[in-house]
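Nothing in this text is a laboratory measurement; each read-out follows from the coordinates by a stated rule. Bear in mind that the values here come from a model prediction, so they are computed numbers and not experimental data. We place every Cβ from the backbone using ideal geometry, glycine too, and count neighbours over all the protein chains shown.
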Amino acid sequence: MPPTAKANRGPSAGPENRRALIAAAREVFATDGLSAPLSAVARRAGVGQGTLYRHFPERMDLAVAVFDENLTELEAFVDNPDSTLDALLNLVIEQAVVSTAFIDLIWANSHDARVLHLGDRLRSMVERELTREKAAGRIGAHVDPEDVLLAVSMLAGVLARTDADDRPAAGRRAVTLFTLAFSPR
């Protein structure tokens, strides 16, 4: 007997399919890089290619969705009054280690209208964290949001160009350097 097709659940399956596609994209691109076929993402998510293209017409749309989820996680972290800049940078490393394939795509298209809001969200989050860190005396008055955004950008660039096995150690070394540079003087 031929395999039975999955029942079409209609529009109610949309949010679940979208989440599955984003999760699958993380896995596929972390393993196979940005040149991985989008059909592999659809297969891993358990949906058809039509569903993939309905949610994400272009590879860039999928990359932006991954980064939007990453930022939502970071924003929730920063909402915790006990969060620290070091811990935030470590969370950025964790995300970048598995999202390196998308970093170059986002970077190369930083002026794309679909990407612009990502920088705004990151800036807002960094400003909130810096205000709290300065008030607690853990960050020097000389540090401004541009310094932290530059550090995040440098970190993402280095991790994207580091062998997968070496990324966590490279990230830890970078955070150590940033901590020293951001310390009160």
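Computed quantities for the displayed model
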| item | result |
| --- | --- |
| Helix-only CD estimate at 222 nm, as mean residue ellipticity for the chain, using -39500 (n - 2.57) per DSSP H run (n ≥ 4) | -23500 deg cm²/dmol |
| Distance histogram for the chain (every C-alpha pair counted, 5 angstrom bins, percent rounded to whole numbers) | 1, 7, 16, 17, 17, 14, 10, 7, 5, 3, 1, 1, 0, 0, 0 |
| Rough spin-label spacing in nm, given labels placed 7 Å along Cα→Cβ, for Gln49 and Arg138 | 4.8 nm |
| Scaled radius of gyration (Cα, divided by 2.2 N^0.38 Å) that the stretch 82-123 gives | 1.32 |
| Hydrodynamic radius (Kirkwood) for the stretch 111-177, which is based on Cα pairs only, to one decimal in Å | 13.5 Å |
| Estimated dipole of the stretch 31-108 in Debye, rounded to 20 [Cβ of Lys and Arg +1, of Asp and Glu -1, Cα centre] | 580 debye |
| Computed label-point distance, nm, for sites Asp165 and Leu177 using a 7 Å Cα→Cβ extension | 2.3 nm |
| GNM result for the chain, Cα springs below 10 Å: residue of Leu62, Leu130, Leu150 fluctuating most strongly | Leu150 |
| Under Karplus coefficients 6.51, -1.76 and 1.60, residue-wise ³J(HN,Hα) of the stretch 174-179 in Hz, glycine/proline x | 5, 5, 4, 5, 5, 4 |
| Viscosity 1.567 mPa s, temperature 4 °C, Stokes-Einstein D of the stretch 25-85 from Kirkwood C-alpha radius, µm²/s | 100 µm²/s |
